[in-house]
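All remarks here apply to the structure that follows.
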Amino acid sequence: MAEEVQTNDERAMRRAKRQALLDAGIDPYPIASTVTAYVDELVNTYAALEPGEMGPDDAVYHVAGRIRAYRGHGKLLFIDVQDHTGQIQLFCRVNNLGDDMWELAKSLDVGDIVEAWGTITRTKRGELSLMVQGVRLLAKSLRPLPEKFHGLSDREMRYRQRYVDLIMNPEVKDTFVKRSRIISAIRRYMEEQGYLEVETPILQETLGGANARPFTTHFNVLDQDCYLRIATELHLKRCLVGGLERVFEVGRQFRNEGMDLTHNPEFTSMEAYCAYSDLQGMKELSEGLFHACAAALGKGDKISYQGQHVDLSSPWRSAPMHELVSEVLGEAVSIDTPVERLRELMDAHELEWDESWGVGKLIFELYDELVEKTIVNPTFVCDYPVEVSPLAKRKAEDPRLTDRFELVICGKEYANAFSELNDPVDQESRFAAQVEAKAAGDDEAMEYDYDYVRALEYGMPPAGGIGYGIDRMIMLFCDQPAIRDVLLFPHLRPERRAQPAASAPADGKLEAGITRDEAYALLCAHNKDDFHIRHGLTLEGLMRYYAKQYDPENVEFWGIVGLLHDLDWEEYPDSQQHTVKTAELLAQAGASPELARAIQTHNSDNNEELPKPEHKMECVLWACDELSGLIQAAVLMRPSKSVMDFSVKSLRKNYKDKRFAAGCDRAQIAKGAELNGMELGELFASVIDAMKAIDADLQ
């Protein structure tokens with residue numbers, strides 16, 4: 001809180017300066033400004049200027065930018081100003097400015113945006129400087145720049161205040177400059193290959209092109225419910241029908257799903273379709289596209305991503321899925337391998353399988369769990385089994401496989417390509433199957449697109465089609481670990497502005513009012529089901545684990561919060577009464593109000609009268625409660641029954657399958673990640689690590 005008070009005091013002083021300028025007849029936000037030179041131009045022009053040497057007297061330059069540093073020495077001022085190309089020092093002397101302008105210069109603050117003009121000099125210390133003849137305020141900064149805005153544990157602040165992140169961290173700005181260059185390079189390359197860029201509707205009346213949950217909206221004029229598009233595929237293939245033989249679109253897609261290190265509900269993709277082409281054409285297109293992106297950033301065939309060295313040299317490997325699986329297993333498997341042997345291999349690697357899975361599904365699961373993460377250099381993974389690609393065209397030589405590939409680099413998918421389905425009767429039957437799936441409860445299934453079937457009935461030429469994840473490509477070329485790091489303004493939950501209540505836990509030592517032994521006895525008195533007691537013990541362990549990181553002075557308090565967070569659930573399994581009864585039971589036991597408040601925050605989404613989570617302890621409780629239950633349920637399905645060999649990838653699958661542990665609220669888990677300023681994948685990894693750390697204590 002001390003930092004916030006200091007910031008508010010500074011804001012008050014800056015507002016007073018703003019008012020003083022207005023009272024003196026000076027507009028702190030003038031309409032026009034003059035810029036005749038940028039910093040990089042001056043640096044290049046005067047590169048040969050020696051220390052102590054002056055530039056020409058008649059070469060007067062106007063520069064503008066934000067003040068990044070300010071130093072006063074009597075009748076001298078040294079002000080570092082930054083524009084979008086670099087930083088230069090303003091060398092101000094009282095004799096050169098006159099009284100009024102000198103007073104204005106002395107009143108400036110770090111963060112102000114100013115215009116200055118003068119000649120160039122290089123100081124005796126060798127720093128290129130503008131010998132200022134005049135200065136003007138262009139925008140008064142009322143909020144001080146933070147002293148630290150790099151590497152903060154609360155990354156949500158950096159994403160939410162991206163404008164400050166760009167000011168304070170040059171490497172962040174560099175990422176988005178590179179993003180622009182990459183997207184420009186993609187467009188140039190596609191046009192050079194003869195592709196026509198088109199624009200297709202974002203508002204769509206029929207859901208199609210992918211299996212995903214959509215965002216919905218309403219078109220008032222037509223009184224029509226619409227979707228934000230989840231893919232551009234079906235409209236782009238309509239273009240092929242119409243005779244536009246090579247088309248592509250770079251654009252936003254919207255999928256109302258979760259967020260993690262590589263997924264965001266609003267993302268950028270490029271889809272491209274080429275008539276009379278096939279998968280080989282899409283492979284050649286991909287290699288050229290990635291080389292063009294690397295060249296746009298001045299990179300060659302050798303790049304580095306998160307410590308892995310990637311070789312983009314052509315040709316890229318192309319391999320059937322079963323071949324890659326065979327290499328990792330050390331045993332040849334194929335679509336002809338008996339299902340019993342594949343089940344044995346799944347068991348040998350302690351992977352879950354279902355009796356309903358056929359050979360193709362088992363091979364895919366072995367690939368997904370064991371192989372994909374081992375692929376570093378660009379690889380076209382081909383011949384997907386039809387069981388995991390039900391909408392893809394079957395291979396003529398083996399209808400159990402599909403004419404499809406995914407491009408994998410550093411264990412992640414970057415592109416998905418198909419030989420496109422152009423049989424209208426086949427397409428009609430597949431749409432019908434999707435309608436049945438939606439009626440059965442699959443909210444990610446596509447709808448029947450009558451107009452698209454009609455278009456195919458006119459005839460669509462054979463074609464190759466591909467979709468690229470542009471954000472992931474930018475992550476790769478900019479060496480960024482998370483998709484939010486390459487999105488200027490990633491979507492976040494509304495900012496919580498509420499001030500802590502008077503009864504909220506204060507800084508310093510927190511008192512529970514009861515001992516840990518008394519808390520455990522209370523838990524056992526009101527819970528007879530062993531599951532509820534074990535869940536309380538699990539949350540106690542997790543809360544203690546995180547308290548050691550975030551609040552070591554209050555490990556005991558955090559632990560009791562976790563132990564008793566569901567104290568009343570067995571006796572009062574009602575979402576409205578939950579934790580309300582806990583507060584009553586705690587009061588009777590002599591516990592502190594702070595303990596009750598901390599516990600009640602994790603049910604605030606069901607009861608608006610309960611306090612919201614604001615403190616780190618409360619945010620951690622929210623994140624761990626539901627997620628730990630999902631992890632425990634998933635672990636019980638594994639052959640080992642142990643969390644020690646459980647992975648984030650397995651958890652992500654269980655999380656995505658809404659039928660698995662359906663009682664675990666996915667929305668609450670996602671909110672837990674947001675409350676802690678984490679990507680969903682980061683939260684998964686963190687809680688799994690925590691559960692492994694406390695596993696021995698729970699045995």
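Quickly run through the stretch 529-545 and pick out the residues that are in contact (Cβ under 8 Å) with a residue 12 or more places away in the chain, open to solvent by 50 Å² or more (accessible area, probe 1.4 Å) and out of contact with any Asp or Glu (no Cβ under 7 Å at 6 or more places or on another chain).
Arg534, Arg544, Tyr545
Just name the residue that is farthest from Leu542 (Cα to Cα) out of those in the stretch 623-646 that are of a type outside the set (Ser, Thr, Tyr) and outside any helix (DSSP H, G or I). Lay out the reasoning, then the answer.
Of the residues in the stretch 623-646, the ones of a type outside the set (Ser, Thr, Tyr) are 623-627, 629-639, 641, 643-646.
Filter again for outside any helix (DSSP H, G or I), leaving 637-639, 641, 646.
Working: Met637: 22, Arg638: 22, Pro639: 24, Lys641: 19, Phe646: 17 Å.
Looking at residues that are of a type outside the set (Ser, Thr, Tyr) and outside any helix (DSSP H, G or I), I get Pro639.
Check Lys237, Lys299 and return the single one that is of a type in the set (D, E, K, R) and assigned to a loop (DSSP other than H, G, I, E, B). Walk me through it before giving the result.
Values: Lys237 fails: assigned to a loop (DSSP other than H, G, I, E, B).
One residue alone meets the criteria, Lys299.
Evaluate the following for Val620: is it crowded, with 19+ Cβ neighbours inside 10 Å, outside any loop (DSSP other than H, G, I, E, B) and under 26 Å from the mean Cα position of the chain (by Cα)?
On the way: crowded, with 19+ Cβ neighbours inside 10 Å: yes; outside any loop (DSSP other than H, G, I, E, B): yes; under 26 Å from the mean Cα position of the chain (by Cα): yes.
Against the criterion (crowded, with 19+ Cβ neighbours inside 10 Å, outside any loop (DSSP other than H, G, I, E, B) and under 26 Å from the mean Cα position of the chain (by Cα)), Val620 qualifies.
Would you be able to tell me the number of residues in the stretch 32-52 that are open to solvent by 80 Å² or more (accessible area, probe 1.4 Å) and either over 18 Å from Trp117 (Cα atoms) or not in a loop (DSSP other than H, G, I, E, B) (or both)?
5
Residue by residue through the stretch 108-148, note down the ones that are hydroxyl-bearing (Ser, Thr, Tyr) and surrounded by 16 or more Cβ atoms within 10 Å (Cβ to Cβ).
Correct list: Thr119, Thr121, Ser129, Ser141.
I'm told Thr119 meets every condition in (1) touching a residue at least 24 places away in the same chain (Cβ under 8 Å); (2) within 15 Å of Ala69 (Cβ to Cβ) except one. Can you identify the failing condition by its number?
(2)
For the stretch 181-203, name all the residues that are open to solvent by 70 Å² or more (accessible area, probe 1.4 Å) and either closer than 30 Å to Gln82 by Cβ or within 19 Å of the chain's Cα centre (by Cα) (or both).
Result: Arg181, single match.
Sort out which residues of the stretch 263-292 are part of a loop (DSSP other than H, G, I, E, B) and within 25 Å of Thr402 (Cα to Cα), and write them in order of number.
The initial filter retains those residues of the stretch 263-292 that are part of a loop (DSSP other than H, G, I, E, B), namely 264-265, 276-278.
Hits for the stretch 263-292 are Tyr276, Ser277, Asp278.
Do the conditions hold for Ser628, that is, is it open to solvent by less than 50 Å² (accessible area, probe 1.4 Å), out of contact with any Asp or Glu (no Cβ under 9 Å at 6 or more places or on another chain), without any contact (Cβ under 8 Å) to a residue 24 or more places away in the chain and among the small types (Gly, Ala, Ser)? Walk me through it before giving the result.
Numbers: open to solvent by less than 50 Å² (accessible area, probe 1.4 Å): yes; out of contact with any Asp or Glu (no Cβ under 9 Å at 6 or more places or on another chain): yes; without any contact (Cβ under 8 Å) to a residue 24 or more places away in the chain: no; among the small types (Gly, Ala, Ser): yes.
For Ser628, the condition - open to solvent by less than 50 Å² (accessible area, probe 1.4 Å), out of contact with any Asp or Glu (no Cβ under 9 Å at 6 or more places or on another chain), without any contact (Cβ under 8 Å) to a residue 24 or more places away in the chain and among the small types (Gly, Ala, Ser) - is not met.
Could you tell me which residue of the stretch 302-335 is surrounded by the most Cβ atoms within 10 Å (Cβ to Cβ), considering only residues that are without any contact (Cβ under 8 Å) to a residue 12 or more places away in the chain and assigned to a loop (DSSP other than H, G, I, E, B)?
For the stretch 302-335, the residue satisfying everything is Ala332.
Only one of Gly681, Gly663 is of a type in the set (Gly, Ala, Ser), modelled with pLDDT under 90 and in a loop (DSSP other than H, G, I, E, B). Can you tell me which? I'd like the intermediate steps shown before the answer.
Values: Gly681 fails: in a loop (DSSP other than H, G, I, E, B).
Unique residue meeting the criteria: Gly663.
Residues that are acidic (Asp, Glu), at least 2 per element: which strands (runs of 3 or more DSSP E) completely within the stretch 338-450 meet that?
Working: elements: 379-382, 398-402, 404-409, 412-419.
Counting at least 2 such residues, we get no strands (runs of 3 or more DSSP E) at all.
Inspect the stretch 187-195 for any residue being among the aliphatic types (A, V, I, L, M), without any contact (Cβ under 8 Å) to a residue 60 or more places away in the chain and part of a helix (DSSP H, G or I) and give the result as yes or no. Walk me through how you get there before you give the answer.
Let us first name the residues in the stretch 187-195 that are among the aliphatic types (A, V, I, L, M), namely 190.
Filter again for without any contact (Cβ under 8 Å) to a residue 60 or more places away in the chain, leaving none.
No: the stretch 187-195 contains no residue that is among the aliphatic types (A, V, I, L, M), without any contact (Cβ under 8 Å) to a residue 60 or more places away in the chain and part of a helix (DSSP H, G or I).
Inside the stretch 421-436, can you point out the residues that are at pLDDT 90 or above and loosely packed, with under 12 Cβ neighbours inside 10 Å?
Within the stretch 421-436, just Val425 meets the criteria.
The values are calculated or read from the model by the stated rules, or taken from the named source; none is laboratory data. It should be emphasised that the depicted structure is a prediction, and the values quoted were computed from it without experimental measurement. Virtual Cβ from ideal backbone geometry, glycine too; neighbours counted across all protein chains shown. Each accessible area value is taken on the protein alone, full model and side chains, heavy atoms only, with ligands, DNA and RNA left out. Shrake-Rupley method; radii C 1.70, N 1.55, O 1.52, S 1.80 Å.
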